[in-house]
Amino acid sequence: RRVAILVSGGGSNMEALLASMEGDHPGEAALVLSNNPDAGGLRRAAARGVPTIAIDHRPFGKDRKAFEDVLHATLEDHRIDIVCLAGFMRVLGSSFVERWRDRMLNIHPSLLPKYTGLHTHERAIAAGDEVHGCSVHVVIPELDAGPVLGQASLSIQSTDTPDSLAARVLVLEHKLYPLVLRRFLDGKTDRVDL
Ligand code: GRF
């Protein structure tokens, strides 16, 4: 199946997904797309020979739907079957999400349903949580709320800062997302917990 990965930043999760799809795999990395023309992920994808496209969201101003219509048309033009959001920092509207229902995954740096939204590591530390981690879920219109396909967890250390915790969670993300994508493409929907 043809997989598109959407990024906004450095694309370390994208890199892990691309690496996992090289060789025998049910998915093919057909496109890396970013809303940020300067996203490091675009350069990393191009270095791997993966087609890239930037659709800068800023010229669309408040017209989120116009941006998402171009996004959707671009994915259709590339005959994309599955969308992986990987550090993609635009909230997608319900009409776009409905068009990609059950075909779009996202990785979120918390043990959902805890800490939807931003600043998840800071919030886990502030709450005095002992464990934290990341989740891959199917995207539904409600933010960070779709069925969880997999989670990876770790213990928060007393010495952890939001940055040190984020770095340790990111390592788990790079293990979890490729595993969940492969299972998803193989039609497995039972959860995996690392
Ligand atoms: C990270 O905070 C990660 O937890 C979240 O998006 C951010 C950037 O990830 N998924 P990446 O390095 O661009 O994949």
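Within the range 1-47, the residues that satisfy the criterion of being assigned to a loop (DSSP other than H, G, I, E, B), more than 11 Å from the ligand (Cβ to nearest atom) and in contact with an Asp or Glu (Cβ under 9 Å, 6 or more places away or on another chain) are Arg1, Pro26, Gly27, Asn35, Pro37. Residue count for the range 111-136 under the criterion of being out of contact with any His (no Cβ under 7 Å at 6 or more places or on another chain) and either polar (S, T, N, Q) or closer than 24 Å to Ile82 by Cβ (or both): the result is 5.
Conditions (1) closer than 30 Å to Arg101 by Cβ; (2) assigned to a helix (DSSP H, G or I); (3) open to solvent by less than 30 Å² (accessible area, probe 1.4 Å), marked per residue:
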position: Leu154; (1), (2), (3): no, no, yes
position: Thr159; (1), (2), (3): no, no, no
position: Val169; (1), (2), (3): yes, yes, yes
position: His174; (1), (2), (3): yes, yes, no
position: Leu179; (1), (2), (3): yes, yes, no
position: Phe184; (1), (2), (3): yes, yes, no
position: Lys188; (1), (2), (3): yes, no, no
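Looking only at the range 25-54, residues that are in contact with a Leu (Cβ under 6 Å, 6 or more places away or on another chain) and either charged (D, E, K, R) or on the phi > 0 side of the Ramachandran plot (or both) come to 1 in all. What is the residue count in the range 75-104 for residues that are open to solvent by less than 20 Å² (accessible area, probe 1.4 Å), among the β-branched types (Val, Ile, Thr) and either out of contact with any strand residue (DSSP E or B) (no Cβ under 6 Å at 6 or more places or on another chain) or in a helix (DSSP H, G or I) (or both)? Qualifying residue count for the region: 1.
Under the condition of being buried (at least 18 other Cβ atoms within 10 Å of the Cβ) and not aromatic (Phe, Trp, Tyr), which residue from the range 60-71 is nearest to the ligand (Cβ to nearest atom)? Don't jump to the end; show me each part of the working.
Initial filter on the range 60-71 (buried (at least 18 other Cβ atoms within 10 Å of the Cβ)): 67-68, 71.
Now restrict to residues that are not aromatic (Phe, Trp, Tyr): 68, 71.
Details: Glu68: 20, Leu71: 18 Å.
Result: Leu71.
The values are calculated or read from the model by the stated rules, or taken from the named source; none is laboratory data. No experiment lies behind these values; they were computed from the predicted model shown. Don't worry about glycine lacking a Cβ; one is built from the backbone with ideal geometry, like all the others, and counts go over all protein chains shown. Surface accessibility is based on the protein's heavy atoms, side chains included, excluding ligands, DNA and RNA. Shrake-Rupley method; radii C 1.70, N 1.55, O 1.52, S 1.80 Å.
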